[in-house]
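Computed from the coordinates by the stated procedures, all read-outs in this text should not be read as laboratory data. Fair warning: this is a prediction, and the values are worked out from it, not measured in the lab. We place every Cβ from the backbone using ideal geometry, glycine too, and count neighbours over all the protein chains shown.
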Amino acid sequence: MMRLISRAGPLLALAVLIGAWHIAVSRGWLGNPFVLPGPGAVARRAGDLWSDESLPRDLRTTLGRVLAAFALALAAGTIAGLAMGRSTTARAALRPIVGLGFPAPKIAMFPALVILLGLGTASKVALGFAEAVFPIAAAVAAAASRVPERLTWSAESMGASRSAVAFRVVLPSALPGLLAGARVGLIGAIIGVYVGEMVVSSDGLGHAMVAGWRQLDTAQLYVSVVAVSVLGFVLDGLLLLARRRLMRWAPENASG
Amino acid sequence: MAAEAAHPVDSARREADEAKLRLSGVAKSYAGRRRGTVQAIGGIDLDVRPGEFVSLVGPSGCGKSTLLYIIGGFIGADGGSVLCDGREVSGPGPDRGIVFQEFALFPWKTVLGNVTWALARRGVSRKDRPEQARRLLSLVGLDEAGRLYPSELSGGMKQRVAIARTLAMDSEVLLMDEPFGALDAQTRALLQEELLRIWDETGKTVLFVTHSVEEALYLSDRIVVLSSRPSRVRDVITPGFPRPRTREQVLADSSYAALYERIWAELREEGPA
């Protein structure tokens, strides 16, 4: 029974939230339903947009950009983080870049990115990448510098090359930190791509949101917001699933 | 004291060859907490012969582990030299295997995976690795544990895996840094016996750092007593108990108590470093 409640809990909470939303809108507590349409109206609009193919198309476009931005950030962030965590030269060179780049508002670079990379996919991927790469690099650097010295010593004494130590000892040892950074980076990639699509774009979920706003179609605006949230939720779930597979070796308290 | 000549097996071993490891004037200092430098190791000369089992004991903090890491090539000395088979040690290498007190197993690899990792670095072909790894695990008494992860093992089992992994390197020199220091007394006694059996079967040259005078007396051909910082060789003791030996024989040997008291008296005199 307790198990059933704990399993159904998240769904229950969601149902309560949607129910409260519905009641608040239908009682007029939130003012004009044009500003915040009820869940029914948003769901109906989502159905329309799904059947006229525009929602699936926007989803595919945004998903593709998010995956590209995330994959590039994961590769670059991991390499940069490993270098920073293991080499004092690389740390000296990269720390100011990461230290300044991490807190900088990436959207401020977007006009320059558009001029450099054009109005299409590349500038959105670049903005998503810029949002994702810093948390990943910082997390990998921290985890790589904490790898027990005895582990790398053991590998070196077995005759492991520098790159074997980096990729076969430091990287797997830093995996818990890497995966924690990757979760933050994934959300960054989604926000970067979505905001990029909001500012300058002719497609994608971010564009659908702005189009809904401009056409006074607020239901479409919220369809886009819900869609990108669900997209993030599902991708994060996949990442957690991957972590469970990759971390089977860890004692249970360390994998949580 | 037991005379060296009384044990022909030992002296034959000793005369077999020149030094496997040769330390000449090895010194090490590091930056002090506030200012200046602290000299940790003050010039150590030591020869270890092929196949010999030598223990390093000394007051805690005297730098015996540091000395072992210098021989391993993990940290550099400030003075003197370390020769292994006549070649100058300049970094870690597969000619000197090491076993740490903290086991240092790769937690993301299974027991079998940890051992095959070492075999792979040595260039053993992929198809020969599982068979060789199983043989090594059987040598350390772990026939059944191959598929487990280190987090699923007891401390004693972890150290058996670490020893198997180091044996997989097939180095002639085995450096052991208080390998049984984190184990309970019973496991420790068992592993000491197993180590002697493995040493006997493989003919490795062992340099063994320990806190325990009993352990050093039971295992060693020679015991090197280091002084407190800056550490130097204070005494070299050759217990000369017959081999193969059992713990009971060693404890019952007429010279045991005197040797034990001599080493303890020296450690007491040095005090904490």
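Here are the numbers:
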read-out: Most mobile of B:Gly80, B:Gly43, B:Gly97 in a GNM of chain B (Cα contacts under 10 Å); value: B:Gly80
read-out: Two-decimal log10 I(q)/I(0) for segment B:10-93, as the Debye equation yields it once each C-alpha is a single scatterer, q = 0.10, 0.18 Å⁻¹; value: -0.28, -0.80
read-out: P(r) of segment A:4-83 over all Cα-Cα pairs, binned every 5 Å from zero, in whole percent; value: 3, 13, 11, 11, 11, 15, 14, 10, 7, 4, 1, 0
read-out: Selection from A:Gly232, A:Phe134, A:Ala180, by position along the positive dipole direction of chain A (Cβ); value: A:Ala180
read-out: Value at 222 nm in deg cm²/dmol, rounded to 500, when DSSP H runs of n ≥ 4 in chain B each add -39,500 (n - 2.57); value: -11000 deg cm²/dmol
read-out: In degrees, nearest ten, helix A:39-51 long axis to first principal axis of chain A (Cα); value: 80
read-out: Rule-of-thumb Rg ratio for chain B [Cα; 2.2 N^0.38 Å; N residues]; value: 1.01
read-out: Choice from B:Leu174, B:Leu68, B:Leu83 with maximal GNM fluctuation in chain B (Cα, 10 Å cutoff); value: B:Leu83
read-out: Cα-projected label distance for B:Asp78 with B:Ala31, points at 7 Å along beta-carbon direction, nm; value: 1.3
read-out: Inter-label distance, nm, simple model (7 Å from Cα along the C-beta direction), A:Leu117/A:Ser161; value: 3.3
read-out: Cα-based Kirkwood hydrodynamic radius, the protein assembly as shown, one decimal, Å; value: 27.8
read-out: q = 0.18, 0.20 Å⁻¹: log10 I(q)/I(0) that the Debye formula gives for segment B:124-273, counting C-alpha atoms only; value: -1.14, -1.31
read-out: Residues A:Met247, A:Met209, A:Met84 arranged by fewest to most Cβ contacts within 10 Å; value: A:Met247, A:Met209, A:Met84
read-out: Candidates B:Glu215, B:Glu102, B:Glu131, ranked by Gaussian network fluctuation over chain B, Cα under 10 Å, top entry; value: B:Glu131
read-out: Efficiency of FRET between B:Arg247 and A:Leu14 - r from beta-carbon atoms, R0 45 angstrom, step 0.05; value: 0.10
read-out: Summed residue charge, Cβ within 12 Å of A:Ala141's Cβ, Lys/Arg positive, Asp/Glu negative; value: +4
read-out: Lys, Arg +1 and Asp, Glu -1 on Cβ, resulting dipole of segment A:53-248 about Cα centre, debye, nearest 20; value: 740
read-out: P(r), alpha carbons of segment B:209-273 - 5 Å bins starting at zero, rounded %; value: 3, 17, 30, 24, 14, 7, 4, 0
read-out: Residue-count net charge about A:Gly64 - beta-carbon cut-off 15 Å; Lys, Arg +1, Asp, Glu -1; value: +1
read-out: A:Trp21, B:Trp264, A:Trp29, A:Trp153 arranged by Cβ crowding within 10 Å, fewest neighbours leading; value: A:Trp29, B:Trp264, A:Trp21, A:Trp153
read-out: Between helix A:218-246 and chain A: long-axis angle, C-alpha atoms, 0 to 90°, nearest 10; value: 30
read-out: Calculated from backbone phi, Karplus (6.51, -1.76, 1.60) coupling profile of segment B:237-245 in Hz, x at Gly/Pro; value: 10, 10, x, x, 5, x, 10, x, 10
read-out: Dipole magnitude of segment B:109-176 about its Cα centre (Cβ charges: Lys, Arg +1; Asp, Glu -1), debye to nearest 20; value: 240
read-out: Per residue convex hull volume, Cα atoms of segment A:53-248, in Å³; value: 121
read-out: Angle between chain A longest axis and helix A:121-145 axis [Cα atoms, degrees, rounded to 10]; value: 40
read-out: Ratio Rg/Rh [Cα only; Rh per Kirkwood] for segment A:89-170; value: 1.16
read-out: Point-to-point label distance, A:Asp52-A:Arg245, nm (Cα→Cβ direction, 7 Å offset); value: 3.9
read-out: Residues B:Tyr30, B:Tyr149, sorted so that the one with the fewest Cβ neighbours within 10 Å comes first; value: B:Tyr30, B:Tyr149
